[in-house]
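The values are calculated or read from the model by the stated rules, or taken from the named source; none is laboratory data. All values derive from a computational prediction rather than experimental measurement. Cβ sites come from the backbone with ideal geometry, for glycine too, and all protein chains shown count toward neighbours.
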Amino acid sequence: MTDSNEDKLISNETDAQSERTRQKIHQWLNKPMRVSIVDGRVLIGVLLCTDRDQNLILGNCNEYIGSPSEQEEFRALGLALIPGQHIQSIYIDEGSSSTTPHSSNPSHTSITTTKDHIVDDDKSDD
Amino acid sequence: MQETIGDTTYNWTDVTTEFADLCRNLPVGEVLRDEDFTLFEAMTALELMDPKMDGGMSIKNHFHEQKHGNRTLTLPQLIEKKLVKTSSLTPTELIHLFDQLLSTFHMWLDGHSLALTLYTCVYVHDIPIIEDYPLRTICYTFVKLIDYIRERILLKAGLFEEEDFSGTLTYNFPFYRDTIKDQTCLSDLKKCEDELNKRLRSLKHESELNQSEINATQQLIHRIRFLRLFFGVTLRFNEANEKTNEQTYLNSEEILKNLKQIDELLLLIRPSHVVEDETTTSPDNAEMIIPISSLADIARSFDPYYNYRQLPPAFNRFIRQLILPSCVYTFLGSICQQLRRMLEVNDKRTLKQAFEFFLEYSTNEKPSLFIRSLLLLSYLPSVQGCLLSSRKIFGQISFAEQVKYEMRLFIVPPLLTLKYIAIDQETINYGENFFQRACVPFSNLFYSLCNNRARTREKLSNLLDEFSVLQDESEKLDQWLHKYFLQHILQANLSTLNAQTLLLIEKTSYFFQFILHWTLLIMEYYLLMGFDLSLYSKRELYDVYFYFAQIILFTHINVYKTSTNLLNTTIPMLIQTNQKHQQISKNQTSNIFVQQFSSLVQQHSNDDPLMDSANDSNPGQKKNKRKNLNGLLSTNTDHHEQEVALIHGHFAMSTAMHRCLKALELERRLRFSSTDANYFLRDEIRYRHRFLPFANLCAPPYMPHADFLHIQNLSDNRYTPKELYQDAINNFSQAKTYFESYLNRLTASKQQTLNRTFTTNFTSLADVESYIRIAKTNCVVLKLLLSGHKPEMKIDFDFTLHAHYPTLKL
C-alpha cells in the first residue's frame, strides 16, 4: 500500500492515464462478468471491485464447472475474491442494465480511490 | 458470444486483454470500487484458489462424474444394483467397516461435520433395511453414540466455539430416535457378542482350523465389546432419570471399572490396515492386515461426496482421508486415561479444591472439547430448564450451600458458625439473597475454566465485572450484620467473651474479605494466563509485574493476614460460645444457616476449623494435630500456611522482576525503546488495555496510569541501578527461600508421594521448582550486572523455563 506522499511524485501524464483507466473500468462496475480461472471453473457474478493486479471481487457469484449453460448445478458463493494470477479469461455483458441492488447511475458516482492507512500495530519490539 | 444460463441470456464481450492493460495503469495499492461497496464488505469475500477457503478446488473429478450421469446413489439403489452388500458380511468386512466408522467418530470429535464423517457411510442413511444383524447393530450404536454426545454432552455444556464444532447443524440426517433406544443398543450389542462367541467356539472345534477366520472373529468380538463398554460409559455422563427428569449423580466407581475393562480390550485389539499388496505383513503383528481384495463387496460403503449438495457453500467439501485405525485406537486409549483423571473431581469437596483441580486439569491434560464438557457436566450436571447457577454440584449439593461452607472455612463468620443464635427473618433474607446472587459468578467461574484457554481468559475478565457487583453487595451486607451483631451481642449474656476478640469480630467485614479473596485469585490467574498465552510484549513486563506485585499480591497478603488472624483468634471463642449454649438449647441448632450445611460439616469434620467434637474441651491449651484439607498434618495455627508461603514467594519474585527491569531500563540495557509515534505502542494505551478488566472493581482499586507513573517514581525511579539490582537480588533470594520452605513442608509431612501437579491456588509443584531455578539464575546474572559486567551488552528475557517469570540472559 502506498504512502500518500508518493502521489505527488507521479507525473501528470501517468495521472491522466490513470484517470482514463478509472473511468473506463468504472463503466464496467456492477455489470455481470464471466471469469474463467486456470483450473477450469467459471465464475459468474457482478463486478464490484478490482485493483492493479486484476484481483476481482464478484458479487452474487455462482461457480460452474465446465460450461455454465449446460450445468444444472452450480455453487452459490455470494461474495467471491478471484486472485488476478489465476484468471484465464474475462467476459463482460456491457449491454445489460444493472439488475443488481446497486445504483444504476454510474455517471453520478464519484470515483473514489481507497488508500487504506494501515495502523502499525506491531507487537514485536525489535 | 451469447449464453443462456437459467433464465438470463448474457451477451458476453471478451475483454481479457483490455482489462489487463487497463488495470496495469492503476497505481499500486489503488482499489477501484463502487461508492456503496466498502472494503469492510470486501473482507468477507471468499478467496478462491486458496486451499482453506475454497472448497470447490478439489471436486473437479466429482463433477466430472456427475456430468456423465453418475449421480450419487442412495443405499436402496446401491443394493438394487448389487454394488454394496447388506447381508452375511464376513468378519473381516465388518472389522474394516467398524474401524472406518470409529475413524469417522474420531474426526467428528475433532470438529469435522457430521456430513463429512459419519454420514459419508451409506449404511447409516437407511439402517432398517440392512439385513446383517451385527452391521445393523453397529450402525445404530454409532448413530446413537454421536447423538448422545452431541445432545446431552456437548450442547448441554455449551463450551464450543462456532468454528470448532457445528452442534446444531444436523442436515436432516436420521437419528432413529423413535426407532431404537440407547439401552436397546447396548443389549443388542451384547446379543451380537454372544452369537459371535458361539460361532467362534464352533470354529475352534472344526476339524480343519481356519485360523484367519478365527482371528477375524475374535477381533470382531473385541471390537463389539469395546463399543458396548464405551457407549455404556458415555451414557452414564449427564444421565437424566427419564421419569423424574432429575439428574442422577455420577457413579464414578462403575465408570472406572468399565474404563479398566476398556483399557484391557484396547490392548487386545489389533487395528486394521488395508493394503493393496496381499503379501505385506505387519512388522510385529500389531496390526491386522486386510488385503483390499477381500473388501470388494463393500467397496462403495463410504462415499465422501454423499452429502455434497447439503453442505453450505463456504464449507469444506470433503475430508481427503480418514484417520488410520491405529491412530484412532491410540486416541481412544488417551481418552480413557483422561477420563480416569477427570473423575478425580468427585473427591473435591470444597470450592477451593474444585477450583484448583479445574486449573490443574486444564493446564496439564490440555483436554479436548469432549473431555472439557464431561468435566463441567460431572461437576455441575445440567437440569432441564435450569440456569447454570441453580445446578447442584455433583447433582447433590446446592451451590449456595457450597458457597456458604467455603466462606465458613475461609473466615469463620459468626453468622455461619454460632450454632445457637436466633436470627431474625430480615437478616435471613438478606443473607440468603446474597448467597443466591453469589452462585451466579461462582458457577460462571467453573464454566469459564472449562473453555479453551484463550476464551477462559476472556471470560474471566467479564467475570470480574460480576465480582465487582458482588463486592458492593458484600459491603452492604457487612454493614447490616455489623449493626445486627452489635445489638445481639449486647443483649445476650456473653460475659465470657474476650473484649479484644469481640472488637475484632466487630471490625471485620467478613463478606467483603471473602469476595475480595476470590476476586484476587481470579485477577492473579488472569494476569498469569497472559504469560501462559504469551500475550505480553517486553515493553509491558514492567507494568505487569508492578501491578501484580504491588497492587494485587500486596492486597492478597493482607487478606490472608486478616483471615489467619481471625481464624486463630476467634475460633476458640466461637467454639466456647457454642458449647456454652449447647446445653441450654438442648442441642437444637437454631442458626438456620448452620443447619443448612450441617451435613457438609459432618462429612468433613476433620477439616472443619471449628472442630467441635465432644472431647475438644479445652482447645486453647491443646494444639490439635489434624489433617488439613490436603491431607497434610497441620496444627491449629497453620491455616492458609501453604497459600501464604506461595503468595509471598510470588510477591518477592515479581518485586524483584520489576526492580531489575527498572534498573535495566536506567542502564539502557533493554532491547527496545518506547516511542510515542504509534498509538498502540504508547505506554498509557497499553497499560489501560492490559488492566481494563480491573477497572470496575472497588477493591483493589484501579490505579490509573497517571497515579501509576507517580508511584513508580516513589517506588523505583528514585534509586540508582545498583540499589535496584541489590534489592532485586534480595527479593529473588527471599522468593527462593519461601518456595523452598513450601516444598520442604510438603515433602516432610508424611504424605504419599505428591504428584507433580499438586496445586495450591494456581501454583503447582512443578511451577515452584521452576521458579526456584529461575530465581537462582537471575540472582547470578544480577550479581554480574551489579558489578558492572559488560556495560554495553543488552539483556534478553528467556521464558523457556517457565512462562510466568523469565530468566535474564546476557
>> Residues that are in contact with a strand residue (DSSP E or B) (Cβ under 9 Å, 6 or more places away or on another chain), closer than 24 Å to B:ILE515 by Cα and not basic (Lys, Arg): does the stretch B:583-596 have at least one?
In response: yes
>> Whether any residue in the stretch B:669-683 is more than 14 Å from chain A (Cβ to nearest Cβ), of a type in the set (Ser, Thr, Tyr) and part of a helix (DSSP H, G or I) is what I want to check.
In response: no
> Out of the stretch A:73-86, which residues are assigned to a loop (DSSP other than H, G, I, E, B) and either crowded, with 16+ Cβ neighbours inside 10 Å or at pLDDT below 90 (or both)?
Replying inline: A:GLU73, A:PHE74
> Any residue in the stretch B:269-284 that is modelled with pLDDT under 85 and assigned to a helix (DSSP H, G or I)?
Replying inline: no
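Anything in the stretch B:759-810 that is charged (D, E, K, R) and buried (at least 20 other Cβ atoms within 10 Å of the Cβ)? List them, or say none.
B:ASP767
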> Taking the stated definitions as given, is A:THR21 within 8 Å of chain B (Cβ to nearest Cβ), surrounded by 22 or more Cβ atoms within 10 Å (Cβ to Cβ) and closer than 28 Å to B:VAL28 by Cβ?
Replying inline: no
> Right, B:LEU48: in contact with a helix residue (DSSP H, G or I) (Cβ under 8 Å, 6 or more places away or on another chain), at the interface with chain A (Cβ under 7 Å from one of its Cβ atoms) and modelled with pLDDT of 80 or more or not?
Replying inline: yes
> If a residue has to be among the charged types (D, E, K, R) and loosely packed, with under 13 Cβ neighbours inside 10 Å to count, how many in the stretch B:1-18 make the cut?
Replying inline: 1
> Taking the stretch A:48-67 as the region of interest, how many residues are within 17 Å of B:THR8 (Cα to Cα) and surrounded by 21 or more Cβ atoms within 10 Å (Cβ to Cβ)?
Replying inline: 4
>> For the structure I just gave you, tell me whether B:THR234 is closer than 27 Å to B:PRO91 by Cα, assigned to a helix (DSSP H, G or I), touching a residue at least 60 places away in the same chain (Cβ under 8 Å) and among the hydroxyl-bearing types (Ser, Thr, Tyr).
In response: yes
> Mind checking which residues of the stretch A:55-65 are facing chain B (nearest Cβ under 7 Å) and out of contact with any Phe, Trp or Tyr (no Cβ under 7 Å at 6 or more places or on another chain)?
Replying inline: A:ILE57
> How about the stretch B:680-709: which of its residues are more than 19 Å from B:GLU466 (Cα to Cα) and among the hydrophobic types (A, V, I, L, M, F, W, C)?
Replying inline: B:PHE680, B:LEU681, B:ILE685, B:MET703, B:ALA706, B:PHE708, B:LEU709
> Restricted to the stretch B:1-23, and to residues that are out of contact with any Phe, Trp or Tyr (no Cβ under 8 Å at 6 or more places or on another chain) and more than 7 Å from every other protein chain (Cβ to nearest Cβ), which residue is farthest from A:ARG34 (Cα to Cα)?
Replying inline: B:ASP21
> Counting only residues that are within 21 Å of A:ARG41 (Cβ to Cβ), among the polar types (S, T, N, Q) and either modelled with pLDDT of 85 or more or outside any helix (DSSP H, G or I) (or both), how many does the stretch B:51-95 have?
Replying inline: 2
>> Given the options B:LEU196, B:LEU189, B:LEU229, name the one that is surrounded by 18 or more Cβ atoms within 10 Å (Cβ to Cβ), in a helix (DSSP H, G or I) and touching a Pro at 6+ places or on another chain (Cβ under 8 Å).
In response: B:LEU196
>> For the stretch A:30-47, which positions are outside any strand (DSSP E or B) and surrounded by fewer than 23 Cβ atoms within 10 Å (Cβ to Cβ)?
In response: A:LYS31, A:VAL38, A:ASP39, A:GLY40
>> So A:SER89 passes all but one of these: (1) at the interface with chain B (Cβ under 8 Å from one of its Cβ atoms); (2) over 19 Å from A:THR21 (Cβ atoms); (3) crowded, with 17+ Cβ neighbours inside 10 Å. Which condition number does it fail?
In response: (3)
